[in-house]
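Here is the structure we will look at.
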Ligand SMILES: Nc1nc2c(ncn2[C@@H]2O[C@H](COP(=O)(O)OP(=O)(O)OP(=O)(O)O)[C@@H](O)[C@H]2O)c(=O)[nH]1
Ligand SMILES: [Mg+2]
């Protein structure tokens, strides 16, 4: 079974060689390039990735275009900045393939100094707590390494094309009563320059976009009862310890 991996990319020439050379067999990288001005697109193609040029700026626009270009049943999304090791993709893809989860989220388990700025960590915690309170989904991290079934993902009514996209995916999935499951994935210091939470402008944009998504939650939704899972399956997020 082949699995497409969507990698939103904005000037990640320094990170792409490591990322793309570590793609496990059976995983096909799709680099959704948002007008990089460095050699990202050429490097991605040289390393065998399918490159999708995305004229509309924004993290969500890139992810969405990558999903539209994908064709596999199950798709993964991950950052292209070498903060995740593609070798860990089966941690999120396998439970979806096994039918144990509808949306798998990689909860970031920090490895090394500087992987995750404090303000981003706190903001993320506040958001996760808000999600628990508002829609009853006990997420502990809105991690960007994910897996789900492609057609189901594209059928979610998602409208954010910027930095609210990761949050909106969880909100709409919860409203659709998906089984959302979290598992720990190692999170490393990124390669190259930060664009989102490592910068003031990126953080401000992210907070603004995420607040808009939170405001779009209309009705409280209770979390679905966890399906009985085999012993090898990851525990539902509520039952897992936070890293
Ligand atoms: N296509 C696209 N990709 C983006 C955009 N901004 C960031 N990215 C990519 O999305 C991923 C996440 O962006 P990062 O800059 O790593 O943001 P972050 O993970 O919140 O913060 P840092 O890792 O501290 O930089 C990376 O692969 C970026 O290249 C954008 O506007 N368009
Ligand atoms: Mg990053």
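Every number in this text was worked out from the coordinates using simple rules, so none of it is lab data. Because the structure is a prediction, the values reported are computed rather than measured. We place every Cβ from the backbone using ideal geometry, glycine too, and count neighbours over all the protein chains shown.
Between residue 193 and residue 2, the simple spin-label model (points 7 angstrom out along Cα→Cβ) gives 3.5 nm. Principal-axis analysis of the Cα atoms of the chain puts helix 118-135 at an angle of about 40° to the longest axis.
The C-alpha atoms of the chain define a longest principal axis, and helix 59-69 lies at about 80 degrees to it. Residue exposure proxy: 92, 126, 52, 196, ordered by other Cβ atoms within 10 angstrom of their Cβ from fewest to most, comes out as 126, 196, 52, 92.
For the range 157-217, rounded, prolate or oblate, judged on the Cα gyration tensor with a ≥ b ≥ c (square roots of eigenvalues), a/c < 1.5 rounded, else prolate if a/b > b/c?
Working: a/c = 2.99, a/b = 1.30, b/c = 2.30.
Judged from the Cα gyration tensor, the range 157-217 comes out oblate (a/c at least 1.5, b/c at or above a/b).
Is the C-alpha gyration tensor of the range 51-155 telling us rounded, prolate or oblate? Criteria: a/c under 1.5 is rounded; beyond that, a/b larger than b/c is prolate, otherwise oblate. Cα axes put the range 51-155 in the rounded bin. Between helix 165-175 and the chain there is an angle of about 30 degrees, using the helix long axis and the longest principal axis of the Cα atoms.
Report summary: the helix-based calculation at 222 nm, which adds -39500 (n - 2.57) for every DSSP H run with n ≥ 4 and divides by the residues of the chain, gives -10500 deg cm²/dmol.
For 172, 108, which order do you get if you count the other beta carbons within 10 Å of each Cβ and list the fewest first? Please list the in-between numbers first.
Numbers: 172 21, 108 25.
The fewest-first ordering by Cβ neighbours comes to 172, 108.
Taking a point 7 Å from the Cα of residue 154 along the Cα-to-Cβ direction, the residues of the range 49-70 with backbone N closer than 19 Å to it are 50-56, 60-70. Based on alpha carbons, the Rg and Dmax found for the range 3-215 are 15.6, 46 Å. List 2, 182 from most exposed to least, where exposure is judged by having the fewest other Cβ atoms within 10 Å. Ranking 2, 182 by Cβ neighbours within 10 Å, fewest first, gives 2, 182.
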